[in-house]
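Structure first, commentary second.
The values are calculated or read from the model by the stated rules, or taken from the named source; none is laboratory data. Not measured: the values here are computed from a predicted model. Just so you know, the surface numbers come from the protein's heavy atoms only, side chains and all, with ligands and any DNA or RNA stripped out. Shrake-Rupley method; radii C 1.70, N 1.55, O 1.52, S 1.80 Å.
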Amino acid sequence: MAQDKSSSSFRCWRKCLDTHACVATSYSTTQSGCELHEIWNVLLPIKVIAENDRTVIVKKGLNVNDLTKSWIQFGAPDCYIGSSHDYTGTYSKTVSNRDCQGWNENYPHAVSHKPIYQIDYSTNYCRATAIGEKLWCYTTDPSTDYQFENCPIIPCFACGVLDSPPTRLPNTILVVSFTHVVAATFQCLSFKQGLSQKHCPVSSCRSDDQWSTDYNVSCTNDDCFTISTGYKGKVQCTVSGITCQNWNKNTPHVPRYQLDVSASNYCRDPSSTGRPWCYTTNPDLRWEFCPVPTC
């Protein structure tokens, strides 16, 4: 066991993550004391126990059978405790797996916003800035459509994401990401012949800290795209799980593009952005990309 001073339970936990032999931390809010408890060969992820003035954060062994394919490949998802402004991790890829551009660089995109803390300026790590709570970065993709993007970094304990993700649907893997909300997207392992069914393959973490349960999936050859403008499937929600607005309606947003009534509120790409999208039924978010995979 090692003892140290630390400013928060989060920074105490980061020390544990950086110490291979650490199995758990114990942080005292009254004494600002950080204890690192050590054994060897310990795997992530973590669990928090709060007791009186002390917060105990425990690394837990992984049960590979319970993990999704993407979690096995990339390890436990990066996450933060408390405010996203306190995130000090080194993750540097966006939700679409694009590399982050350095905050001190102006190519391929001019940087007009920087992280809150100057120490991060020399990195390309996902960070929050003064414009909001989201963790994001400018990307190295020169396309203006991908000038910047959010990062898949989530609150560590939102909806019990590390312990109890939404129930997996057949023939899918589950990918957890953080956009406007914590969202779990079901991705088809394979596609079969047939017609697309109306569906939303996203479960979102609601304000009551529970996963939404109205998700479903359709895995036919209509449910992916090779050319985005040719997509005719029936995904009807965004990557954040927000229901799409009907293309020939004017509320809550007046659309720039109005499509035939047969398009209903399905994701489409009339603007040739390269990905299906839709106007949303959220008055505060005009449009967003959709969880439609490439074939």
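The table that follows gives values for the structure above.
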quantity: Taking the convex hull of Cα positions in segment 90-165, its mean projected area over all directions (nm²); calculated: 5.5 nm²
quantity: Distant-in-sequence amide H partners of T139 (H built 1.01 Å from N, under 5 Å); calculated: Q101, F148, E149
quantity: Hull shadow area, averaged, segment 239-295 [alpha-carbon convex hull, nm²]; calculated: 3.9 nm²
quantity: Solvent-accessible ranking of L169, L189, largest area first, probe 1.4 Å; calculated: L189, L169
quantity: Area of H113 that stays accessible when all protein chains are in place (1.4 Å probe, Å², to 10); calculated: 70 Å²
quantity: Whole-Å semi-axes of segment 195-269's equivalent ellipsoid (Cα gyration tensor); calculated: 22, 18, 9
quantity: Per-selection Kirkwood Rh - segment 76-126 (Cα, Å, 1 d.p.); calculated: 11.9 Å
quantity: Segment 134-280 - Debye-derived log10 I(q)/I(0), Cα point model, q = 0.17, 0.22 Å⁻¹; calculated: -1.10, -1.44
quantity: Extension reserve of the T167-E133 stretch, reckoned as 0.36 nm per residue once the Cα distance is removed; calculated: 9.4 nm
quantity: Fully extended contour minus Cα-Cα distance, from S207 to S143, at 0.36 nm per residue; calculated: 19.6 nm
quantity: Segment 186-195 - phi-based ³J(HN,Hα) in whole Hz, Karplus 6.51/-1.76/1.60, Gly and Pro as x; calculated: 8, 10, 5, 6, 8, 10, 10, 5, x, 9
quantity: Residue order for F186, F289, F148 - accessible surface, 1.4 angstrom probe, largest first; calculated: F148, F289, F186
quantity: For segment 122-218: span of alpha carbons on each principal axis (Å, largest first); calculated: 48, 34, 19
